[in-house]
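Below is one structure; the comments refer to it alone.
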2 protein chains.
Amino acid sequence: MASPVLPSSGILTPLGLDAVRPEPGFWGDRIALNREVTIAHCQEWMEREGWIGNFRGERPRRGREFSDSEIYKLLEAMAWADHPALPELAATVARAQEPDGYLNTRWPDNRYTDFEWGHELYCYGHLIQAGVARLRAHGEDELTDVVRRAADHICDRFLATTETCGHPVVEMALVELYRATGTERYLEMARRFIDRRGLPALGDIEFGRGYFQDDMPVRQAKVFHGHAVRALYLASGVVDVAVETGDVELLKTVEAQWESTIARRTYLTGGMGSRHSGESFGEDFELPSDRAYSETCAGVASFMLAHRLLLATGDVRYADLAERTLYNVLATSPALDGRSFFYANPLQVRVPAEPLDGINLASEGGLRSPWFTVSCCPNNIARTFASLPAYLAAADASGVRIHHHTPSEIRSGDLVLRVETGYPWSGEVTVRVVEGGTGRISLRVPAWADGATISHGGVRRPVSPGYAEAEGAWRPGDTIGLDLPVTSRWTVPDARIDALRGSVAVERGPLVYCAESVADEPPLAEVAVRRSAPAERVVDGAVELDVEAAPLTPAPAAWPYTAEGNGSRAAGDGEPFTLRLVPYHRWGNRGPATMRVWLPAANDSASSEGTRCE
Amino acid sequence: MASPVLPSSGILTPLGLDAVRPEPGFWGDRIALNREVTIAHCQEWMEREGWIGNFRGERPRRGREFSDSEIYKLLEAMAWADHPALPELAATVARAQEPDGYLNTRWPDNRYTDFEWGHELYCYGHLIQAGVARLRAHGEDELTDVVRRAADHICDRFLATTETCGHPVVEMALVELYRATGTERYLEMARRFIDRRGLPALGDIEFGRGYFQDDMPVRQAKVFHGHAVRALYLASGVVDVAVETGDVELLKTVEAQWESTIARRTYLTGGMGSRHSGESFGEDFELPSDRAYSETCAGVASFMLAHRLLLATGDVRYADLAERTLYNVLATSPALDGRSFFYANPLQVRVPAEPLDGINLASEGGLRSPWFTVSCCPNNIARTFASLPAYLAAADASGVRIHHHTPSEIRSGDLVLRVETGYPWSGEVTVRVVEGGTGRISLRVPAWADGATISHGGVRRPVSPGYAEAEGAWRPGDTIGLDLPVTSRWTVPDARIDALRGSVAVERGPLVYCAESVADEPPLAEVAVRRSAPAERVVDGAVELDVEAAPLTPAPAAWPYTAEGNGSRAAGDGEPFTLRLVPYHRWGNRGPATMRVWLPAANDSASSEGTRCE
């Protein structure tokens, strides 16, 4: 089955790319654009930058020490998309493999001399994921042969040692290769890599061993910490090992880590990683909007992890977080034309970005860039979007569960269903039976959807967040209607998040909204909003919202810390005006702009959690 | 005269170390501890780490590429302190100098091949500052000979090129050497280094050219930006060049940059630099407490810059900022025993630090460290404290101005004055005439000191912030009394500082206060304060303050962003308790603790600038 994750046990069973076919709509359009534009875009840039040439032996070698992994992520995208460019690119990679299976263009002359920063096992991890994709979507070929030889080399070299890699990913890759091939030592290798971590297995570094989760054994950690992408890739591998080895306690450990992380270290967008320095999670409630790192790849990794936890447990909260991340991090990174990307996804941009010509040396920026010195994010989007249909629905013992409502055709058992919806803009979802059968059809009702209803067989009834379930013997033409209350709502942060005190945000359905101010007009540092009901407008097929705002009147202070009343105030006493909010995932497509998700609350009677005024 | 800055013109003329002698008291004690403990501490660590051995040709070379500069900062400290260890250390350095004057232990085999990161001119800058200190405090010797040869080498090599260094400091060093020796090409070299910057003169880097102020000519910048230490060292050199070349417009440019920086990019402590990433200033009003970098060295650099601007203009606001920085950044870095240091000086620490054994690989940490991989801060404190008396007072055309009130004896013209005070704990300052003469005696009245009085000749009168002036023919035994209202006050941030919305802080005289919670008991993430008058207590000679607090009652939320009322609130409705505040500069001396300067305001009627509730 063509799915990136195929556990041998668990509450849910994935449906593969063969079973879930997206149709034009929010996600279908993005999946098509990814296949038609983004994959070629990535290949062109990596050819131009010489990262592909490295495999041809072109010298001097170009790109960062981990650039091989970018080609592998792209190969994975190509495999899921059955892209015609795959065989030639795979052949280029194959030619660089050494007789014993070793494959890396950076370290051939000094293999395995730098586990902290060398990224060799990390590169293998992505190579193996590409191979698994190829095996499942196509079958054996040159790429899968390369991958088996690389995996065998890893086991030969590392099964008996105490080493591991500074950057996790090989763990989940090896488990998946075990699942795809049945070769048990791949699973054993993954298990050992995980158990070694934190003994410690790596040297100390400037960021501290927590950076690569080597400060304590994974079983002792209470929350995700350190470099966010590493932490989340590692946790994904841990779930995979726990599931395949039947280690219930280990699975529960990751669930508890996830719970703490969601409650205390996650942005409203689902984004993870508060710090630019070390690209890491911050401490609990350290969630600044402006310096939010919220790397696109951390969003990808969190999405992968949530999917694994969902499959293992069937707990819908994982699908809720996956949806939040999908619409507000993964959909945000690529521009509407699929040719430029956000690396970091902050929730506030204070100064309009300078347009950048060519490659972005940094990860930040208030404009999307076509390419980066470290260009993990575009390739990660490419492979995730290429495999996205496999994440939309799953089978359980009783039937099928649809987790993400988007136009698509879904085949599960005998049933063929057609999902018709304008979601996320509208909350009306129609599931039409194309080919009949029996079984429960469960439709996810997101946590925010209080007041949802389901109707089928002529009966409409209210449903709570969780799953709306419909059972029956289904015949072609039967329909199930799910009506989700997609209306805008004001959201208030936990008072312990210092960076957000006194601010509010607007969400609508699964979407987080933001104020976007082209050329910073009006200046977003000087607005406060009133929490009246937003007015909706449809612009280019997207719902935008108008809220009531008032300007701050900054006091012209030489020093910004004064006795009460001397400084400027957020009271918003000035002439009210209308502030347009756009879906966060659409911001930055209209040129240099400022942006903020969280807006200071004006002096309506309960606007600030910093003060209650009853 | 033994002073680190001796401009040839300006409103004020420095008084050197020979003229200002500190006595036991807040600063006198620290200056003595620095001389007796910290200087030797730094030398021992640099001997142990091999950074001094590099000059003896010991191999492999140890330390970072700029470690030579640390030895030079220490030599400068030794020179001001007339420390007996100087000659031997200077001789060690001298032996590494090459015949043409080149001196650097890192790059002898590939000189000047990396201007972005090589730090060669930066190292010379600190070497020259050490040489100027030696020349002024002692006279010509082996060290000053080394320095002249190095400076001549720089001019020979760089006068006709377009190159400059990624890390400024050589500019102000060369101007000072010109002032000390009269050699005009040192000034010309400094001027050229400054004019080259931003044309650009350096390559692009991950952080962007703004990191080392090479993104635009210095005359075009509107505010300090990029790496804070670099920006402030550069600005200091620019002031020096402007003063010596009579470039009034250039001086005004720096004044305007400083004004914007103070109004929008400076912490309550006077600390500068909001970001760990790039160690840089943030955008306007980007001033998070928890991730405040506020490097000790940026405090040193800001103090040096403010002093230069004060000397050039006589404008007391520069002395106000210098005092704020002195008491809340420079006094904060070293532990009370002078043997460990903060590198970063955040305004909030969320989790008690793990005690660290030995060298700190990073710059962060909620505990002071005895040494760092990059150990600029301890040496920078050492050289600044060693020369501190020269910053306390200055002469003007009419007499003497005392800027920092601390027990000391000050000689200016015929006058010898003795300052007696318990400042900053008390606001009573007595200036006693020891040797008589004529002239105006001006005592600084800080900006916060509304209600101050001056009394002399039997008359007491109110004085406004600025200078309290007393004129007369002074006879031995005459006294001037300055009474500053050193009482605690609540301070509110500008509403545009998102990170501080709804929070308040306490200051008392020049001191910023903070809540320090040993082992985080009570948990500082869960308190709110009421703005009643704090109660004062004297503990170990320092004034601590008790304020009324109430606990937050965190809601046990699985997700921290909810509709109004579901999450935990900062209302502080719980049982009130007393929260102890300590002077910020004293925090962290009682073991691992959490700390915060800005405290969420409880629901008293005007506590939050995020909401007004009249």
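Since every read-out is calculated from the coordinates, none of them should be taken as a lab result. Worth saying up front: this structure is predicted, and the values here are computed from it rather than measured. Neighbour counts run over all protein chains shown; Cβ positions are idealised from the backbone, glycine included.
Note on the protein assembly as shown: dipole from Cβ charges, positive end direction compared against A:GLY509, B:VAL37, A:VAL300; the farthest Cα belongs to A:GLY509.
Dividing the mean sequence gap of close Cα pairs (under 8 Å, 6+ apart) by how many residues chain B holds gives a relative contact order of 13 percent. Note on region A:366-435: percent of Cα-Cα distances in each 5 Å bin, starting at 0 and stopping at the bin with the largest distance, equals 3, 13, 18, 18, 14, 11, 9, 7, 5, 1. Under a model in which nothing but the beta-carbon of Lys, Arg (+1) and Asp, Glu (-1) is charged, the protein assembly as shown shows a dipole of about 460 debye around its Cα centre. Residue order for B:LEU367, A:LEU127, fewest other beta carbons within 10 angstrom first, comes to B:LEU367, A:LEU127. The residues B:ASP284, B:ASP145, B:ASP320, B:ASP540, when put in order of fewest to most other Cβ atoms within 10 Å, stand as B:ASP540, B:ASP145, B:ASP284, B:ASP320.
Each copy carries a label point for B:ALA160 at 7 Å from Cα along the beta-carbon vector; from one copy to the others these points are 6.6 nm apart, nearest first.
Since only A:PRO534, A:GLY427, B:MET78 are under comparison, the one whose Cα sits farthest along the positive direction of the charge dipole of the protein assembly as shown, derived from C-beta charges on Lys, Arg, Asp and Glu, is A:PRO534. Using only side-chain charges placed at the Cβ, +1 for Lys and Arg and -1 for Asp and Glu, the dipole size of region B:337-401 relative to its Cα centre rounds to 140 debye.
Here the Karplus curve 6.51 cos²θ - 1.76 cosθ + 1.60, taken at θ = phi - 60°, turns the phi angles of region B:29-44 into couplings of 5, 5, 5, 5, 4, 4, 5, 8, 10, 5, 4, 5, 4, 5, 5, 4 Hz, with x standing for Gly and Pro.
Taking the Cα centre of region B:488-600 as the origin, how large is its charge dipole in debye, to the nearest 20, when only Lys and Arg (+1) and Asp and Glu (-1) carry charge on their Cβ atoms? List each step's numbers first, then the result.
Values: 12 positive and 15 negative charges, 59 e Å.
Taking the Cα centre of region B:488-600 as origin, the dipole is about 280 debye.
Annotation note: trypsin sites (Lys or Arg not before Pro) in region B:150-226 located in DSSP loop regions with a Cβ neighbour count of at most 15 within 10 Å are B:LYS222. Where only DSSP H runs of four or more residues are counted, the protein assembly as shown gives -9500 deg cm²/dmol as its mean residue ellipticity at 222 nm, each run worth -39500 (n - 2.57).
Of the residues A:ALA19, A:ASN54, A:SER9, the one whose Cα sits farthest toward the positive end of the charge dipole of region A:1-104, with +1 on the Cβ of Lys and Arg and -1 on the Cβ of Asp and Glu, is A:ASN54. Once you have a ≥ b ≥ c as the square roots of the Cα gyration tensor eigenvalues for region A:213-307, tell me rounded if a/c is under 1.5, and otherwise prolate or oblate according to whether a/b is larger than b/c. Note, shape of region A:213-307 comes out prolate.
Placing a label point 7 Å from the Cα of A:ALA397 along the Cα-to-Cβ direction, the residues of region A:304-327 whose backbone N falls under 15 Å from that point are A:312-315. Using θ = phi - 60° in the Karplus curve 6.51 cos²θ - 1.76 cosθ + 1.60, the 3J(HN,Hα) couplings for region B:376-388 round to 5, 5, x, 5, 5, 4, 4, 6, 6, 5, 5, 9, 4 Hz; x is entered for Gly and Pro. For the pair B:THR181 and A:HIS138, label points projected 7 Å from Cα toward Cβ lie 6.9 nm apart. Using the alpha carbons alone, the radius of gyration of the protein assembly as shown stands to its Kirkwood radius in an Rg to Rh ratio of 1.00. Each copy carries a label point for A:GLU428 at 7 Å from Cα toward Cβ; from one copy, the others' points are 8.2 nm away, ordered from shortest. Each residue, B:ASP29 and B:LEU361, gets one label point 7 Å from its Cα in the Cβ direction; the gap between the two is 3.7 nm. With contacts taken as Cα pairs under 8 Å at a separation of at least 6 residues, region B:488-600 carries a relative contact order of 35 percent.
Could you give me the percent of Cα pairs per 20 Å distance bin for chain B, shortest bin first, beginning at zero and ending with the bin that holds the maximum distance? Going from the shortest bin to the longest, the percentages are 20, 53, 25, 2.
Measuring spread by the Cα atoms of region A:397-483 yields a radius of gyration and Dmax of 11.8, 32 Å.
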